[in-house]
1. Report yes if ILE2 is in contact with a Lys or Arg (Cβ under 9 Å, 6 or more places away or on another chain), of a type in the set (A, V, I, L, M) and either open to solvent by less than 60 Å² (accessible area, probe 1.4 Å) or modelled with pLDDT under 85 (or both), otherwise no.
2. Which residue pairs have Cβ atoms under 9 Å apart, sit 6 or more places apart or on different chains, and have a first residue in the range 60-81 that is more than 15 Å from ASP93 (Cβ to Cβ) and touching a residue at least 24 places away in the same chain (Cβ under 8 Å) and a second that is assigned to a loop (DSSP other than H, G, I, E, B) and among the hydroxyl-bearing types (Ser, Thr, Tyr)?
3. Has the range 9-29 got any residue that is closer than 30 Å to ASN85 by Cβ and small (Gly, Ala, Ser)?
4. List the pairs whose first member sits in the range 11-34 and is touching a residue at least 60 places away in the same chain (Cβ under 8 Å) and under 30 Å from LEU124 (Cβ atoms), whose second member is surrounded by 13 or more Cβ atoms within 10 Å (Cβ to Cβ) and β-branched (Val, Ile, Thr), and whose Cβ atoms are under 7 Å apart, counting only residues at least 6 apart or on separate chains?
5. How do the pairs read when you match residues in the range 109-134 that are in contact (Cβ under 8 Å) with a residue 24 or more places away in the chain with residues anywhere that are charged (D, E, K, R) and open to solvent by 70 Å² or more (accessible area, probe 1.4 Å), using Cβ under 8 Å and keeping only pairs 6 or more apart or on different chains?
6. Out of (1) of a type outside the set (Phe, Trp, Tyr); (2) under 16 Å from THR10 (Cβ atoms); (3) at pLDDT below 80, what's the single condition that is false for LYS123?
7. Go through (1) at pLDDT below 80; (2) under 15 Å from ILE2 (Cα atoms) and name the single condition LYS128 misses.
8. Condition (residue is open to solvent by 60 Å² or more (accessible area, probe 1.4 Å), assigned to a loop (DSSP other than H, G, I, E, B) and modelled with pLDDT of 85 or more) applied to the range 134-141: is it met by at least one residue?
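The values are calculated or read from the model by the stated rules, or taken from the named source; none is laboratory data. On a predicted model such as this, the values are computed, not experimentally measured, just so you know. Note that we place each Cβ from the backbone using ideal geometry, even for glycine, and neighbour counts take in every protein chain shown. We work out accessible area using only protein heavy atoms, side chains counted, and drop any ligands, DNA or RNA first. Shrake-Rupley method; radii C 1.70, N 1.55, O 1.52, S 1.80 Å.
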Amino acid sequence: MIDFTKAFDTVDHVILLHKLSLLSLPGFVINWICSFLSGRGQQCKINGLLGDVIDISLSIVQGSGICPTLYIITKNDLCSISAINDIFKYADDTTLLVPQHTDVELDVEFQSVKAWAATNFLKLNLSKTKEIVFKGLGCSIFICLILWLILSNWIAASYWV
């Protein structure tokens, strides 16, 4: 389970717009998204005093309907090195599955993920990134994914109890 630090808050607009331009989208769609992302600012208010407005060149607006789609486009080119291994992505959740018998080991795949993150100006949260090893199950990637989903939901549920 791979965790990106403040995933939605650190998406670089220039990189996202470049990735959008590589898709077969009509120009007006890209222009609309560019308009949606630009001209945003933030400012702090402390003890009734407002600070200066600072332009935002990172982040996609969380809570907007298009936010998960823009993040998925950001991560669309994150792939495993080996065809045997797989990366599952759902919004800001990412799982790298590497079976016991593979042509590219887990550490090499993970280094590739780290390189991709650096290229895209995203930061991995190593304290929340976890490795789960299933041994002796003789299971396929599909069965291991099911086990991971059950386990991760149990961990998330027990965390909030």
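1. Details: in contact with a Lys or Arg (Cβ under 9 Å, 6 or more places away or on another chain): yes; of a type in the set (A, V, I, L, M): yes; either open to solvent by less than 60 Å² (accessible area, probe 1.4 Å) or modelled with pLDDT under 85 (or both): yes.
Here the answer is yes, as ILE2 does meet what is asked.
2. Going by the 9 Å Cβ cut-off, the qualifying pairs are LEU70/SER64.
3. Yes, the range 9-29 contains at least one residue that is closer than 30 Å to ASN85 by Cβ and small (Gly, Ala, Ser).
4. Pairs found: VAL11/ILE60; VAL11/THR74.
5. From the range 109-134, the pairs are TRP116/ASP77; ALA117/LYS123; LYS123/LYS6; LEU124/LYS114.
6. (3)
7. Checking LYS128 against (1) at pLDDT below 80; (2) under 15 Å from ILE2 (Cα atoms), the one that fails is (1).
8. No, there is no match, as no residue in the range 134-141 is open to solvent by 60 Å² or more (accessible area, probe 1.4 Å), assigned to a loop (DSSP other than H, G, I, E, B) and modelled with pLDDT of 85 or more.
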